[in-house]
Amino acid sequence: MVAAKNRKTVDLRLGMGVGTIHNLNERKIEESDGEAFQNSGSAFEKIKSYRRLSLITPWKEINNGWRPSLALIDALMQRWSLEQAEAVYGWLQGKTQKEISSELRIRQPAVSQRLGLAGHFALNEAFASFEMEISKYKAEKQ
């Protein structure tokens, strides 16, 4: 964390991979193997200095089609405050606003405000669209 103008900021770089998993070791994730892990490593290596988010799936069409959406999500994430990022992190884990408020020791309306300012509604739409597209693509390819 770096303090700038009395404001804490965070830096996140995320390479996401989609694919099969051949060996999953939840205790030592670095010992796991499969297409998903290989794709996430490749995605991380492709992150440029001005980008913080990358995705590689087994399907070139999806990778190319999602590039603009990922760029927008990336730009959105780069504007989050630490407080907004904490709220989104809880939301991504499937926690309710009440659970997040309890963990962060703030009131539920503050969580709602942080999530709203972070644009979680847009993330929710993007994730739902991505899941639907992956499911459709897998069904067509089988």
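Residues that are hydrophobic (A, V, I, L, M, F, W, C) and in contact with a strand residue (DSSP E or B) (Cβ under 6 Å, 6 or more places away or on another chain) occur in region 6-23; there is at least one.
Restricting to region 12-38, name every residue that is within 18 Å of the chain's Cα centre (by Cα), of a type in the set (Gly, Ala, Ser) and either outside any helix (DSSP H, G or I) or exposed (fewer than 11 other Cβ atoms within 10 Å of the Cβ) (or both). The answer is GLY15, GLY17, GLY19.
Restricting region 69-111 to residues that are among the polar types (S, T, N, Q) and either at pLDDT 95 or above or assigned to a helix (DSSP H, G or I) (or both), which is surrounded by the fewest Cβ atoms within 10 Å (Cβ to Cβ)?
Pass one, region 69-111, residues among the polar types (S, T, N, Q): 69, 78, 81, 84, 93, 96-97, 101-102, 108.
With the extra rule that they be either at pLDDT 95 or above or assigned to a helix (DSSP H, G or I) (or both), the set shrinks to 69, 84, 96-97, 101-102, 108.
On the way: SER69: 15, GLN84: 20, THR96: 12, GLN97: 18, SER101: 20, SER102: 14, GLN108: 14.
Restricting to residues being among the polar types (S, T, N, Q) and either at pLDDT 95 or above or assigned to a helix (DSSP H, G or I) (or both), the top hit is THR96.
Of everything in region 39-64 that is of a type outside the set (Val, Ile, Thr) and in contact with a helix residue (DSSP H, G or I) (Cβ under 8 Å, 6 or more places away or on another chain), the residue that is surrounded by the most Cβ atoms within 10 Å (Cβ to Cβ) is SER54. Out of the residues in region 58-68 that are part of a helix (DSSP H, G or I) and hydrophobic (A, V, I, L, M, F, W, C), which is farthest from the chain's Cα centre (by Cα)? Selected residue: ILE62.
In region 105-132, the residues that are under 12 Å from VAL88 (Cβ atoms) reach residues that are in a helix (DSSP H, G or I) and small (Gly, Ala, Ser) with C-beta atoms within less than 7 angstrom, at least six apart or across chains, in these pairs: VAL111/ALA87; VAL111/SER101; ARG114/ALA87; LEU115/ALA87; ALA118/ALA87. Among the numbered conditions (1) without any contact (Cβ under 8 Å) to a residue 12 or more places away in the chain; (2) within 28 Å of VAL18 (Cβ to Cβ), the only one that SER102 does not meet is (2).
Considering only region 132-140, I want to know if a residue exists there that is β-branched (Val, Ile, Thr), modelled with pLDDT under 90, surrounded by 12 or more Cβ atoms within 10 Å (Cβ to Cβ) and outside the structural domain of VAL18 (by TED's automatic domain parsing). Yes, the conditions are met somewhere in region 132-140.
Determine, yes or no, whether TRP66 is under 19 Å from ILE134 (Cβ atoms) and either touching a residue at least 40 places away in the same chain (Cβ under 8 Å) or not small (Gly, Ala, Ser) (or both). Full working, then the answer.
Working: under 19 Å from ILE134 (Cβ atoms): yes; either touching a residue at least 40 places away in the same chain (Cβ under 8 Å) or not small (Gly, Ala, Ser) (or both): yes.
Yes; evaluated as a whole, the condition is true for this residue.
Within the option set ILE134, ILE106, being β-branched (Val, Ile, Thr) and over 30 Å from TRP59 (Cα atoms) holds for one residue only, ILE106.
The values are calculated or read from the model by the stated rules, or taken from the named source; none is laboratory data. Just so you know, these numbers come straight off a predicted model, no measurement behind them. Positions of Cβ are generated from backbone atoms using ideal geometry, with glycine treated the same way; all protein chains shown enter the neighbour counts.
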